[in-house]
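The values are calculated or read from the model by the stated rules, or taken from the named source; none is laboratory data. These figures come from a predicted structure and were not determined experimentally. Positions of Cβ are backbone-derived with ideal geometry, glycine not excepted, and every protein chain shown enters the neighbour counts.
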Amino acid sequence: MPNKIDQAKIISQKIKELREKLGWNQSKLASEAGITAAALSMIEKNDGRVPTIVVLNKIASALKVQPYEITGEEPQNISESSERNREFYRKWDVLESLSPEDQKMLRGMAERLKNITEK
Amino acid sequence: MFEEQNGAAEAEETLEALGFDSLPIMPDQVAASINCDGFKLVFEAKEFDSGGILGTAKGNNKGAIVYVNARISDLGRFNFTAAHELGHVCMHIMPQKKTSFKCGSKEIYSQYDDPIEKEANGFASGLLMPKRLIYNHFDGDINWLNIARLSELCKSSLEATYRRLSNLENLPTAFIIHENGAFRRFVTSSSFDFYIERTPLSSYQQDLAVDVKEEPYPSDFETVDASDWINPKSSGICLESVYVSTILLNDGFSYTIVTYDDDCILEDGAGPKKLDNVISSESVPRERS
């Protein structure tokens, strides 16, 4: 994880690079992103401060990239199976709101499915 | 304290970049401005079944939903709750530190110890009352006239406005709430060193209250015995007097500001001791005539 000053530098360079690739000037990007031209100019000049996450999101959106492509941070490596697990737990959470009978039925189904898979 | 400052700084920087440059800052407009293709933000007022919940925020790094309890009738409190939830969105949900919040008055209005709630409160405070904009309307004196004027300009509650100003000015002040004369709660600035007496208002103290339904908000203070309001001894210093200003609001609530300076110290023959962080001579409250 780079320190704040290095991170600010990476962000500033990356934004400039992506903006120029699109052939946009600063005021075009600022207006597409919905931030002030002064704020964008400060970021590109690299005053050593890391922009807030809201501002990063807005700039990334305008440039049509993911925020991590600007910050240079590794994308959060969420594997497909861990994403499925998360999804499962998000739904499992809802179990509490079901009637006790339905909860029992779901648990029974899960148990039977597990047995089938193991065989 | 650190978390609150951190939260306020995040809000102020975000507001400035988004181009908000006049008061009041309305949280729904900020929410609309945060919303973009990469982060969808839904912000709605909704009547909650449970009266204890004031606001909720839930989401991930792609978007979030904020609900604020539509039953909060006071606009200042509604705005503060809304801004607090936006704080959770910007500081905790977007970076995925925590993704779901249900906030009641404990999280939002008490001096609650959870750093995440403190950050959201600091964010709310900085969002509704950005330093850059309020100092055009504030001369640095913490008194009811200034608090009421800023609270009106910022559409924030009197209490939230007091908290913001006391954090910015770092003067020794306390804000004490009574309801029909009975002690309810207090907040103090970090430099206020004395213990607040949790006692009902005496008839003398009630007489000093200015009824702001009928009279203008006062800018001046009364000099009274320190022991009427606080335990006057702390860290080897004894206060003889304090400055107080009490206002009487609707529904029997009264709010009091208590403050002190070097002149309030009881001399023990060795000459007055100097206090840290005392109010400057320019801002010494005047006695009411």
(request) Check off (1) at pLDDT below 95; (2) under 23 Å from the mean Cα position of the chain (by Cα) for B:I237 and give me the number that stays unchecked. (result) (2)
(request) Specify which of the listed residues (B:F78, B:F101) is in contact with a strand residue (DSSP E or B) (Cβ under 7 Å, 6 or more places away or on another chain) and buried (at least 22 other Cβ atoms within 10 Å of the Cβ). (result) B:F101
(request) Say whether the condition of being touching a Lys or Arg at 6+ places or on another chain (Cβ under 8 Å) and of a type in the set (A, V, I, L, M, F, W, C) is met by at least one residue in segment B:76-90. (result) no
(request) Can you confirm whether segment B:37-44 contains a residue that is within 12 Å of another protein chain (Cβ to nearest Cβ), over 20 Å from the mean Cα position of the chain (by Cα) and crowded, with 22+ Cβ neighbours inside 10 Å? (result) yes
(request) Check B:A174 against each of (1) closer than 30 Å to B:M26 by Cβ; (2) in a strand (DSSP E or B); (3) of a type in the set (G, A, S) and name the one condition it does not meet. (result) (1)
(request) Scan segment B:13-53 for residues that are without any contact (Cβ under 8 Å) to a residue 60 or more places away in the chain and of a type in the set (V, I, T) and jot them down. (result) B:I34, B:V42, B:I53
(message) Just to be sure I understand, how many residues within segment B:203-231 are surrounded by 13 or more Cβ atoms within 10 Å (Cβ to Cβ) and among the basic types (K, R)?
(response) 0
(request) Please state which of the following conditions B:F123 fails to meet, knowing it meets all the rest: (1) at pLDDT below 95; (2) closer than 16 Å to B:T14 by Cα; (3) of a type in the set (F, W, Y). (result) (1)
(request) Only residues that are in contact with a Phe, Trp or Tyr (Cβ under 9 Å, 6 or more places away or on another chain) and part of a loop (DSSP other than H, G, I, E, B): list them for segment B:28-52, please. (result) B:N35, B:F48
(request) With the condition kept exactly as written, say whether any residue in segment B:252-261 is farther than 22 Å from B:S166 by Cα and either surrounded by fewer than 17 Cβ atoms within 10 Å (Cβ to Cβ) or modelled with pLDDT of 95 or more (or both). (result) yes
(request) Being under 23 Å from the mean Cα position of the chain (by Cα), assigned to a loop (DSSP other than H, G, I, E, B), more than 13 Å from chain A (Cβ to nearest Cβ) and among the charged types (D, E, K, R) narrows it down to one of B:R77, B:R71, so name that one. (result) B:R71
(request) Could you tell me which of the residues A:L63, A:L56, A:L22, A:L40 is away from chain B (no Cβ under 11 Å) and either under 18 Å from B:H92 (Cα atoms) or touching a helix residue (DSSP H, G or I) at 6+ places or on another chain (Cβ under 9 Å) (or both)? (result) A:L22
(request) Read through the list (1) in a helix (DSSP H, G or I); (2) at the interface with another protein chain (Cβ under 10 Å from one of its Cβ atoms), then give the number of the only condition that B:P95 fails. (result) (1)
(request) Scan segment B:117-127 and give yes if some residue there is among the charged types (D, E, K, R), surrounded by 24 or more Cβ atoms within 10 Å (Cβ to Cβ) and within 14 Å of chain A (Cβ to nearest Cβ), otherwise no. (result) yes
(request) Quick one: in segment B:1-14, of everything that is buried (at least 22 other Cβ atoms within 10 Å of the Cβ) and under 14 Å from B:R132 (Cβ atoms), which residue is nearest to the other protein chains (Cβ to nearest Cβ)? (result) B:T14
(request) Identify, by number, the condition in (1) surrounded by 18 or more Cβ atoms within 10 Å (Cβ to Cβ); (2) part of a loop (DSSP other than H, G, I, E, B) that B:H137 doesn't meet. (result) (1)
